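Here the structure is laid out as structure tokens; the discussion comes afterwards.
The values are calculated or read from the model by the stated rules, or taken from the named source; none is laboratory data. Worth saying up front: this structure is predicted, and the values here are computed from it rather than measured. Cβ sites come from the backbone with ideal geometry, for glycine too, and all protein chains shown count toward neighbours.
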Amino acid sequence: MAADPVLADHSTLGSCQTMPQLLVENAERYDRRTALRWKRFGLWEQISWADYRDHVRDLALGLTELGLEAGHRVAIVGDNRPEWAYAALAVQAMKGWSVGLYQDSLGEEFRHIINHAEPEIAILQDQEQVDKLLGLGDGVPSVKHIVYYDSKGLHSYDDPRLVSMEEVKERGRLQGLEGAERFARTVASADGKDVAGIFYTSGTTGAPKGTMLTYGNLMSMATGLNDVDPLKPGDDFLSFLPMGWIGEQMMTMATALLVPLVVNFPEEPETVSNDLREIGPRAMFAPPRVWENNLSTYQVGVEEAPWLKRVTAHWAMRIAHRALARRTAGKQVPPMLWLARLLAEHTMLRSVKNSMGLTRLRRAYTGGAAMGPEVFDFFQALGVNLKQVYGQTECAGIAVVHRDGRARSDTVGEPLPGVDVTIADSGEIFIGGDFVFAGYYRDPEATAAALTPQRQLRTGDAGFIDPANQLTVIDRVKDLMCLADETQFSPQFLENRLKFSQYIRDVVIFGRERDFVSALISIDAANVGHWAERNHVGYTTYTDLTQKPEVVSLILSEVRRVNVDVPDRTRIHRFVLLHKELDADDDELTRTRKIRRGFVEERYRDLIDALYGGEDRCELRTEVRYSGEEVAESTVRLQLLTAIDIDATPPMCGRA
């Protein structure tokens, strides 16, 4: 795809302190140059900076006719589309607070966040989201107006609160010059201390908390990131992660407006892979699950490839890993290895990157959860400039990032400019600086608990800083475990090592005050299913597949592979293959696919007790929820498996 002419390079935009101010500045400076692209009906539609501003201005003025005032909250729900960006910036332009929700949230999740934020206006994408909100009836009394931007299926709806986004924008356009001047004055009067929105945490330990982030928080993050990793104006970025997540908004909104980047929106969530290859973005941010899926797809492809291509792929990756090991150790790559790496690049590695849409990447980031070292090293060896970032919603998403040439799988990098990272005596990571949030909305007690007297953020993560000033994150402080003999270990470390396997999707490790370590494992249905077909293993359902002896042996070999490199006392002794995938709809995962460890432990208490009770099988009662209130119950009988003879494990105490 032809790119716009390169724009003048710069990292800041004058005296702009807010994202609406950046939008207005960009529209004046770049006018008809491309700001956004959206794929519709197979074709990429381009939206200029001037049009971007006009959409936002018209919508902002129209929303004021619906009652939007400074400090009002507005809920926004939908897929990655230009209208989401219009909505957020329109609300912020009039000094309102945007509140993004995950588009796959269930009705009760909607109810909790909407009743907490109490928005009078909800901006929703389509019939699915409208039905979800209307289905709550009187359960969300604050919502007085429902603005939608995809009218398909909504023509017969007669709820008086419903109004299309186009109608709202038309009301704004009718305000003419007077409205445009009011928009300009309101945008210009804002400053960095104003709250931009409420960003809800993932809720791994309970209900999500509403994090109030100011423009100063968000712009400090974007400026710091661009100072460390400069991107060029006009560089392409593909927006495909949930817009309700801080990780997506910090790139699609704050960073994209600052640089500025061209933000590309996929046609559908299902077309992201194809759209990624078409765009060939220069920058990409994705959680570990996306990178793990890419690696898994590659591994399956290699297994199914003809023998010559398979042998070539294995050789190329061995060479790439050898070269990476030299660079990581700070050693020069010998001439013969350099030539072999060049040959590997032209025969295999470049085509692998191209198949993933990563060929043109300058900057690639991963964060939001821990990434296994094998996954990180794979992409580094492949030649992708993948970097780990560390941060939380409460510090605008990113506070720490790898530097070029210093990326390591065992660390998450160095603090951004203006960020102060310290380690408390307890081992907890504290973060200070302009990135730290204003507080939790309507929760002063939680705010006080999250901040030190010096306004440092208590992250709840354990870690340390090495002599190279790189931060290593061990695990959540509360998740670090000790066996009954006080041997300490990190469940996250074991979980990530197991998830390197293309056959394993999710893992939950247990062992707190127990005699040994155990695991609940969810297989990857697609990859194990392909493996079963290639090996002529017949099955009917997911549950049936998990209990096949051949599949049990396959996963057993993966567990034993991980155990080889783990201290004796913290090896996985027993495990079970779950009858289902862990699911956010069942409250087992957050919407960002983090494990809700406490909930999982409580739900599968009988299964875990059976693992430690030495039983060979366990009957588990399950529920299947259908639309509405219909619930069906069933019983499954699961095998409880042993990876190590417990009596053969030598005693060992200390830290693992």
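Any idea which of TRP315, TRP291, TRP338 is on the phi < 0 side of the Ramachandran plot and surrounded by fewer than 15 Cβ atoms within 10 Å (Cβ to Cβ)?
TRP338 is the lone residue from the list that is on the phi < 0 side of the Ramachandran plot and surrounded by fewer than 15 Cβ atoms within 10 Å (Cβ to Cβ).
Does region 34-49 include one or more residues that are part of a helix (DSSP H, G or I), assigned by TED's automatic domain parsing to the domain that holds ASP194 and at pLDDT 95 or above?
Within region 34-49, one or more residues are part of a helix (DSSP H, G or I), assigned by TED's automatic domain parsing to the domain that holds ASP194 and at pLDDT 95 or above.
Please work out if ARG621 is of a type in the set (D, E, K, R), modelled with pLDDT under 90 and surrounded by fewer than 12 Cβ atoms within 10 Å (Cβ to Cβ).
Yes, satisfied.
For region 512-535, which positions are among the charged types (D, E, K, R) and either outside the structural domain of HIS579 (by TED's automatic domain parsing) or on the phi < 0 side of the Ramachandran plot (or both)?
ARG512, ARG514, ASP515, ASP524, GLU533, ARG534, listed by residue number.
Cβ contacts < 6 Å: first residue assigned by TED's automatic domain parsing to the domain that holds TRP84 and free of Cβ contacts under 8 Å to residues at least 60 places away in the same chain, restricted to region 109-127; second residue among the small types (Gly, Ala, Ser) and buried (at least 20 other Cβ atoms within 10 Å of the Cβ), any location; separation 6+ or different chain. Result?
Final answer for the pair search is ILE114/ALA75; PRO119/ALA75; ALA122/ALA75; ILE123/ALA87; GLN125/GLY78.
Before we move on, is THR347 polar (S, T, N, Q) and within 21 Å of LYS309 (Cα to Cα)?
yes
Among the numbered criteria (1) out of contact with any strand residue (DSSP E or B) (no Cβ under 7 Å at 6 or more places or on another chain); (2) within 22 Å of TYR503 (Cα to Cα), which one does TRP291 miss?
(1)
Can LEU66 be described as crowded, with 22+ Cβ neighbours inside 10 Å and touching a residue at least 24 places away in the same chain (Cβ under 8 Å)?
No; evaluated as a whole, the condition is false for this residue.
Just for region 185-222: of the residues that are among the β-branched types (Val, Ile, Thr) and either in the same structural domain as PHE599 (by TED's automatic domain parsing) or modelled with pLDDT of 95 or more (or both), which one is surrounded by the fewest Cβ atoms within 10 Å (Cβ to Cβ)?
THR186
Within region 86-98, how many residues are of a type outside the set (Phe, Trp, Tyr) and in contact with a strand residue (DSSP E or B) (Cβ under 7 Å, 6 or more places away or on another chain)?
6
State the number of residues belonging to region 300-338 that are part of a helix (DSSP H, G or I) and modelled with pLDDT under 90.
4
Scan region 486-514 for residues that are of a type in the set (Ser, Thr, Tyr) and either closer than 15 Å to GLU581 by Cα or over 24 Å from the mean Cα position of the chain (by Cα) (or both) and jot them down.
Result: THR487, TYR503.
Among the hydroxyl-bearing types (Ser, Thr, Tyr), under 21 Å from GLY368 (Cβ atoms) and at pLDDT below 95, is that true of THR297?
Answer is yes for this residue.
For VAL508, indicate whether it is on the phi < 0 side of the Ramachandran plot, in contact with a His (Cβ under 7 Å, 6 or more places away or on another chain) and surrounded by 21 or more Cβ atoms within 10 Å (Cβ to Cβ).
No: the conditions fail for VAL508.
Could you list all residues from region 351-388 that are touching a Gly at 6+ places or on another chain (Cβ under 8 Å) and crowded, with 22+ Cβ neighbours inside 10 Å?
GLY367, GLY368, LYS387, GLN388
When region 99-124 is examined, which residues are found to be farther than 19 Å from ASP150 by Cβ and in contact with a strand residue (DSSP E or B) (Cβ under 8 Å, 6 or more places away or on another chain)?
Matches in region 99-124: VAL99, GLU109, ILE113, ILE114, HIS116, ALA117, GLU118, PRO119, GLU120.
Going by the conditions given, is VAL228 surrounded by 18 or more Cβ atoms within 10 Å (Cβ to Cβ) and not assigned by TED's automatic domain parsing to the domain that holds LEU416?
In short, yes.
Cβ-Cβ below 8 Å, separation at least six or inter-chain, first residue in region 439-464 and outside the structural domain of ASP194 (by TED's automatic domain parsing) and in contact (Cβ under 8 Å) with a residue 40 or more places away in the chain, second part of a strand (DSSP E or B) and aromatic (Phe, Trp, Tyr): which pairs?
Pairs found: ALA446/TYR440; ALA450/TYR440; LEU457/PHE430; THR459/PHE430.
Only one of THR487, THR472 is touching a Gly at 6+ places or on another chain (Cβ under 7 Å), at pLDDT below 95 and more than 29 Å from ARG406 (Cβ to Cβ). Can you tell me which?
From the options THR487, THR472, the qualifying one is THR487.
Quick one: LEU258 ticks every box in (1) in contact with a Leu (Cβ under 8 Å, 6 or more places away or on another chain); (2) not assigned by TED's automatic domain parsing to the domain that holds ALA85 bar one, so which box is it?
LEU258 satisfies every listed condition except (2).
Taking region 134-145 as the region of interest, how many residues are of a type outside the set (Val, Ile, Thr) and either touching a residue at least 40 places away in the same chain (Cβ under 8 Å) or not in a helix (DSSP H, G or I) (or both)?
Qualifying residue count, region 134-145: 6.
Inspect all residues belonging to region 425-433 and state whether any of them is β-branched (Val, Ile, Thr) and surrounded by fewer than 18 Cβ atoms within 10 Å (Cβ to Cβ).
No, region 425-433 contains no residue that is β-branched (Val, Ile, Thr) and surrounded by fewer than 18 Cβ atoms within 10 Å (Cβ to Cβ).
Looking at this structure, is GLU558 assigned to a helix (DSSP H, G or I), closer than 21 Å to PHE599 by Cα and within 27 Å of the chain's Cα centre (by Cα)?
Here the answer is no, as GLU558 does not meet what is asked.
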